[in-house]
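Single-structure report; data block below.
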Amino acid sequence: MSTQSTNPHLSRGLLLLMTTAVFATVANLYYNQPLLPSMGESLNVEEGSLGWIPFASQLGYAAAILFISPLGDGTDRRYLIRNLSIALVVGLLGMYFSGSLWVLVGATFLVGLSANITQQLLPFASSLAGPERRGAVISTLMTGLTAGILVSRTLSGFIAEHWGWRSVFLFAAGIAAVMGILLYVFLPSSRPSASLSYPRLLGSMVTLVRTQPLLREAAITGALWFAAFNALWATLAIHVMGEPFDYSVQQAGMFGFVGMAGIIGAKVSGRLVNRMGARFLISTGIILVVVGFSVMVLWGNSLPGLITGILLMDIGVFGAQIPNQVRVFSIDPKAQSRLNAVYMLFYFVGASLGSVLGVKMMGAMGWTGLSLLGVALGAIAFIHHWWKGRSAKKAGVAVSASAAVP
């Protein structure tokens, strides 16, 4: 395939490359988490200051969603991804060579910023796939993203145990360089879909929120269930390391593999979205989230009940996320990067608020309170989704089985 093709096609090989790149890139945001004690000891940093490192990666990622993601509509994504890949390699090498906490924090921020590659590849793949394949393609890329998040901590711990924490980032820099070269060689060039200056490009995101009711609905509904999702994962270790489980840190970390169930939900909904419709699948996913948290209200202090609840919740979240993201991409083919930026910004805010609320509820009412919070957030998401769908019908908006229609 020519990189200059004006009618590019998303082949299986290119989809595999993009999925692998999403996997490898998102992992860079989480490599540092199990390494914090080793970093602190090596750099002679107090434990209380180590939190700046993961904070910097998430702050960089959030800033990129707001300020870099929209550029995908105004420039050739192939060259934008190339530049982000260079920045990612520089940031990872900065982490490898860092001799002080603040150099490490600065390099980590750059890594978070340049990990925006993932948020460029999602709309890029969507635009190459076409409406009939969009659901399956997005679910494939989200599988790579989920796997990257889950595998990253285990991989960084293994490398650090044998060769030290710095070697993790040297290894990651090598992978980032290889992926950057492959993406630059094999990605097709994309024509800018918007001829706007950078300030107007950012300002147009506000216009999209104001003028696109489907975008508002999808973003708010998704933020609610993602808040519930993060409330659970922010407090799960606290729950299982206390009574009645009394698990170790390593045992608590094993629950991350339960989260792999989300891949099942993503793959199934991606294949069914064109046949059954986005709105039906989103409703089903939210119901599974509510049922999962309800199971944990009743049986969350038993291992079978806890695992069952997490499985249902994870399948529901990712099963709803794919059709939700598909319909966002279908709103305006010329604004897919900006639409995705707005959508993911809502998700990020929901995740942050969910984590804060979850910790507070856990401290005040224990696991039962946390689970009730999840039920409440899921119920509000379902009511909002149902109400907006009913309003759309009353307004004469045709509801089709196509993923391109809400």
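Going by the conditions given, is Ile307 farther than 25 Å from Arg279 by Cβ, in contact (Cβ under 8 Å) with a residue 12 or more places away in the chain and part of a helix (DSSP H, G or I)?
Yes.
Condition check ((1) modelled with pLDDT of 85 or more; (2) of a type in the set (A, V, I, L, M); (3) in the same structural domain as Arg275 (by TED's automatic domain parsing)) across all residues:
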| residue | (1), (2), (3) |
| --- | --- |
| Val137 | yes, yes, no |
| Ile149 | no, yes, no |
| Arg153 | no, no, no |
| Gly157 | no, no, no |
| Trp163 | yes, no, no |
| Arg166 | yes, no, no |
| Phe169 | yes, no, no |
| Ala176 | yes, yes, no |
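Please work out which one of (1) under 24 Å from Met361 (Cβ atoms); (2) modelled with pLDDT under 90 is the condition Ile220 fails and give its number.
All conditions pass for Ile220, except number (2).
Scan region 111-119 and give yes if some residue there is modelled with pLDDT under 95, out of contact with any helix residue (DSSP H, G or I) (no Cβ under 9 Å at 6 or more places or on another chain) and either assigned to a helix (DSSP H, G or I) or crowded, with 24+ Cβ neighbours inside 10 Å (or both), otherwise no.
No: zero hits.
Which number in (1) among the polar types (S, T, N, Q); (2) under 27 Å from Gly164 (Cα atoms); (3) not in a helix (DSSP H, G or I) marks the one condition that Ser38 misses?
(3) is the only condition that Ser38 fails.
Hey, could you check region 258-301 for residues that are among the polar types (S, T, N, Q) and under 20 Å from Gly378 (Cα atoms) and say which is surrounded by the most Cβ atoms within 10 Å (Cβ to Cβ)?
Checking each candidate, the answer is Ser269.
Taking the condition surrounded by fewer than 24 Cβ atoms within 10 Å (Cβ to Cβ), in contact (Cβ under 8 Å) with a residue 60 or more places away in the chain and outside any helix (DSSP H, G or I), does Ile331 pass? Before you say what the answer is, go through the steps one by one.
Values: surrounded by fewer than 24 Cβ atoms within 10 Å (Cβ to Cβ): yes; in contact (Cβ under 8 Å) with a residue 60 or more places away in the chain: yes; outside any helix (DSSP H, G or I): yes.
When the stated conditions are applied, Ile331 passes them.
The values are calculated or read from the model by the stated rules, or taken from the named source; none is laboratory data. This structure is a prediction, so every number in the text was calculated from the model and none was measured. Quick reminder, even Gly has a Cβ in these numbers, built from the backbone with ideal geometry, and neighbours come from all protein chains shown.
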